[in-house]
1. Just checking, which of Glu2, Glu75 is loosely packed, with under 12 Cβ neighbours inside 10 Å, closer than 30 Å to Asp129 by Cα and at pLDDT below 95?
2. I'm trying to understand the selection: among the residues of region 38-75, which are free of Cβ contacts under 8 Å to residues at least 24 places away in the same chain and in contact with a Phe, Trp or Tyr (Cβ under 9 Å, 6 or more places away or on another chain)?
3. Listed residues Glu28, Glu22; which is under 10 Å from the mean Cα position of the chain (by Cα), of a type in the set (D, E, K, R) and surrounded by 13 or more Cβ atoms within 10 Å (Cβ to Cβ)?
4. Does region 161-209 hold any residues that are out of contact with any Ser or Thr (no Cβ under 8 Å at 6 or more places or on another chain), open to solvent by less than 70 Å² (accessible area, probe 1.4 Å) and either without any contact (Cβ under 8 Å) to a residue 12 or more places away in the chain or farther than 26 Å from Cys14 by Cα (or both), and which are they?
5. Test Phe103 against the stated conditions and say whether it is over 24 Å from Asn23 (Cβ atoms) and assigned to a helix (DSSP H, G or I).
6. Are any of the residues in region 137-152 open to solvent by 40 Å² or more (accessible area, probe 1.4 Å) and closer than 30 Å to Ile27 by Cα?
7. Please go through region 187-199 and give me each residue that is touching a strand residue (DSSP E or B) at 6+ places or on another chain (Cβ under 6 Å) and farther than 15 Å from Cys155 by Cβ, ordered by number.
8. Suppose we filter Ile53, Ile45 for residues that are surrounded by 15 or more Cβ atoms within 10 Å (Cβ to Cβ), among the β-branched types (Val, Ile, Thr) and assigned to a helix (DSSP H, G or I); which single one remains?
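The values are calculated or read from the model by the stated rules, or taken from the named source; none is laboratory data. Treat the numbers as computed from the prediction; the structure is a model and nothing was measured. Here the Cβ positions follow ideal geometry from the backbone for every residue, glycine too, while neighbour counts run over all protein chains shown. Heads up: the accessible areas ignore ligands, DNA and RNA and are worked out on the full protein's heavy atoms, side chains in. Shrake-Rupley method; radii C 1.70, N 1.55, O 1.52, S 1.80 Å.
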Amino acid sequence: EELEQLNNILKELCTERESVLENISNIELEIQAIKVKIEKLLAEITILQQSEISLKSQLDELQAKYDADCKDDPEAPGCIEILIQIKQLQKQIDQVKSQIEEFLAQLSQLQEELLSFEADLITAQTELDDIDSQIAKIMQQIKDIEALFCDDSECITISVIDQHGDPVENYEIILNGGNAGFTDKDGLFYHVVPNASKNTDHTLQICYCFET
């Protein structure tokens, strides 16, 4: 009875482990997607910053030309044209600055989301480590119980689950080329190997080998 309880706990832990692994996989996908977005944003910001530098350089040249050529006659047609160009450049610079600020705000939001997902990933990995520790403890308890009843023989427990992690009942177990029995309602099969210290080489389902 105690062995059955431990196997039920083990089954629940394995199911929980699969769920945590799926969660970790989803979090890692989210992190990767955010990193790609951040990389693209940084590239856009770099281009805009370079554009701003170029526009400011043009603006400085025009301003210097206006100061040098239009000091005596600022109303001259050429000077008025320079002023128009200066205003257009300033408008372009303001637009670029606005875009940079918008992208920086998006970048900040993405970085916050990244930190949040990374924290979730650490939590999930810690949870996985805890589950693995519990599984190892249960497995040791099962091994200890089996050792009490097996004497010179060795007890083995076979668990059969489908691709969804659900137990498979009445699954035929082939040991050493012969029918050893079928799994129970929990997908478990227990078998005692006599003279396990001498009879060490065994096959499971014909194609799997193990030793006792």
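1. Working: Glu75 fails: closer than 30 Å to Asp129 by Cα.
Step by step, each of Glu2, Glu75 is checked, and only Glu2 is loosely packed, with under 12 Cβ neighbours inside 10 Å, closer than 30 Å to Asp129 by Cα and at pLDDT below 95.
2. Applying the first criterion (free of Cβ contacts under 8 Å to residues at least 24 places away in the same chain) to region 38-75 yields 39-40, 43, 46-47, 50, 53-54, 57, 60-61, 63-75.
Hit for region 38-75 is Pro74, nothing else.
3. Working: Glu22 fails: surrounded by 13 or more Cβ atoms within 10 Å (Cβ to Cβ).
Unique residue meeting the criteria: Glu28.
4. Asp162, Gly178, Ala180, Gly181
5. yes
6. First pass over region 137-152, keeping only residues open to solvent by 40 Å² or more (accessible area, probe 1.4 Å): 137, 139-141, 143-144, 147-149, 151-152.
If we keep only those that are closer than 30 Å to Ile27 by Cα as well, we get 137, 139.
Within region 137-152, one or more residues are open to solvent by 40 Å² or more (accessible area, probe 1.4 Å) and closer than 30 Å to Ile27 by Cα.
7. Start the filter on region 187-199 by keeping residues that are touching a strand residue (DSSP E or B) at 6+ places or on another chain (Cβ under 6 Å), which leaves 187-193, 196.
Gly187, the sole residue that qualifies.
8. Ile45
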